[in-house]
Structures are given as structure tokens and as C-alpha cells.
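Visitor: One structure is given below, represented as C-alpha cells, and several questions about it will come after.
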Amino acid sequence: MARQSFNQGWVCRPPISAFEALMPAMDEPVPATLPHDAVRDTQRSADSATGGAQAYYQRGAFAYVRDLDVPADWVGKQVVLEVQGAYRHAQVFVNDELAGNRANGYARFLVDLTPYLRFGEANRLVIGTRNGLDSRWYSGGG
């Protein structure tokens, strides 16, 4: 078994999904090294529905995007992504296909990427997260 870090080379941007219209997030994509809190890059407002419990940040939806070069010699090997601390309702997409999810925030989970990979080329990974009125303290998002 070989372990490889994927903390570098991510971009955090608004999601491209139905949630984008419901929960406005940041204005522009930003480079991100994990761990990363996307909420910090959004605007704070005294009239935020989340109030002081969320440090006056708005609810948000975020997408972490990274390309993964998958060598042809990985054929026949299992490729598993370990996600640690994603908040909340994390969904992992590989090449626009849902590969796995975790409803609860912060908990570590594993996603088998193997069935979704295109060997010998770059593959697009997207981890979507959302936060909202679901915590008694600042939860962050990402």
C-alpha cells in the first residue's frame, strides 16, 4: 500500500449545482491547501441568519476542486481517498460522478475512487461541502 498526500493544489469555489442558488458562497475561486475553512473567505454581516454562533457569516456551499493524474500503471490497483474533517454533507465526485458522501461533519471517511477513474489521464475530483444553521458554535465550512 502506498500513501500519497493530496492536501496541495486544490481550488475552492462556489459549487456548480442546485445548492449554488440557495446558498451563495464566495465570489471567486481561491487556491486552497487542506485543511481549509472556506467560510473565512465569505462576507460577514450583522444581519446574518446564523447570528453570533457562526461569527456572523452567512450559510454557504463550497466546492473543492483538484485534478488528479492517474497513471496507466495504476490499473488493477485500488485507489481510496481519505477525507478528514469536511464540514458538512460532504459529497465526493470523480469526473462528475458521485463516488461517496458523508452527512455528518468533521468525521473521517474513505471513498473508493477506483470505479470512477480514467487511467492514463487527468481526473477531476470535487468535494462539495455545505454549512448552515446546524451548530451551536462556529463550524466553518470546508
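Visitor: Checking ARG108 against (1) surrounded by fewer than 18 Cβ atoms within 10 Å (Cβ to Cβ); (2) without any contact (Cβ under 8 Å) to a residue 24 or more places away in the chain; (3) not hydroxyl-bearing (Ser, Thr, Tyr), only one condition comes out false. Which one?
Guide: ARG108 satisfies all of (1) surrounded by fewer than 18 Cβ atoms within 10 Å (Cβ to Cβ); (2) without any contact (Cβ under 8 Å) to a residue 24 or more places away in the chain; (3) not hydroxyl-bearing (Ser, Thr, Tyr) except (2).
Visitor: For THR42, indicate whether it is at pLDDT below 85, of a type in the set (S, T, N, Q) and out of contact with any Pro (no Cβ under 9 Å at 6 or more places or on another chain). Before the answer, list the steps.
Guide: On the way: at pLDDT below 85: yes; of a type in the set (S, T, N, Q): yes; out of contact with any Pro (no Cβ under 9 Å at 6 or more places or on another chain): no.
When the stated conditions are applied, THR42 does not pass them.
Visitor: Here is a further query. Could you check the stretch 106-131 and list, in sequence order, the residues that are touching a strand residue (DSSP E or B) at 6+ places or on another chain (Cβ under 8 Å), in a loop (DSSP other than H, G, I, E, B) and at pLDDT below 95?
Guide: Passing the criteria: only ARG108.
Visitor: Can you name the residue in the stretch 75-98 that is of a type in the set (Val, Ile, Thr) and surrounded by 12 or more Cβ atoms within 10 Å (Cβ to Cβ) and, of all such residues, is farthest from GLU121 (Cα to Cα)? Even if it seems obvious, please write down each step before you answer.
Guide: From the stretch 75-98, those of a type in the set (Val, Ile, Thr) are 75, 79-80, 83, 92, 94; that's our starting set.
Next cut, surrounded by 12 or more Cβ atoms within 10 Å (Cβ to Cβ) only: 79-80, 83, 92, 94.
Working: VAL79: 15, VAL80: 17, VAL83: 22, VAL92: 19, VAL94: 13 Å.
So the residue we want is VAL83.
Visitor: Just wondering, is there one or more residues in the stretch 117-125 that are surrounded by fewer than 20 Cβ atoms within 10 Å (Cβ to Cβ) and either under 15 Å from the mean Cα position of the chain (by Cα) or of a type in the set (S, T, N, Q) (or both)?
Guide: Looking for residues that are surrounded by fewer than 20 Cβ atoms within 10 Å (Cβ to Cβ) and either under 15 Å from the mean Cα position of the chain (by Cα) or of a type in the set (S, T, N, Q) (or both), one finds at least one in the stretch 117-125, hence yes.
Visitor: Additional query: Among residues belonging to the stretch 37-64 that are closer than 27 Å to VAL126 by Cβ and exposed (fewer than 14 other Cβ atoms within 10 Å of the Cβ), point out the one that is nearest to the chain's Cα centre (by Cα).
Guide: So, considering only residues that are closer than 27 Å to VAL126 by Cβ and exposed (fewer than 14 other Cβ atoms within 10 Å of the Cβ), the one nearest to the chain's Cα centre (by Cα) is GLN43.
Visitor: Taking the conditions exactly as written (surrounded by 13 or more Cβ atoms within 10 Å (Cβ to Cβ), touching a helix residue (DSSP H, G or I) at 6+ places or on another chain (Cβ under 7 Å), under 19 Å from GLN8 (Cα atoms) and not β-branched (Val, Ile, Thr)), does GLY141 satisfy them or not?
Guide: Taking the combined requirement at face value, the residue satisfies it.
Visitor: Residues to consider are ARG88, ARG66; find the one that is of a type outside the set (Asp, Glu) and modelled with pLDDT of 95 or more.
Guide: Values: ARG88 fails: modelled with pLDDT of 95 or more.
ARG66 is the lone residue from the list that is of a type outside the set (Asp, Glu) and modelled with pLDDT of 95 or more.
Visitor: From the list ASN101, ASN131, which one is under 29 Å from ALA49 (Cβ atoms) and open to solvent by 30 Å² or more (accessible area, probe 1.4 Å)?
Guide: The unique qualifying residue is ASN101.
The values are calculated or read from the model by the stated rules, or taken from the named source; none is laboratory data. Quantities reported herein were computed from a predicted structural model and do not represent experimental measurements. Don't worry about glycine lacking a Cβ; one is built from the backbone with ideal geometry, like all the others, and counts go over all protein chains shown. The protein model used for the area step is the full one, side chains on, heavy atoms only, and it has no ligands, DNA or RNA in it. Shrake-Rupley method; radii C 1.70, N 1.55, O 1.52, S 1.80 Å.
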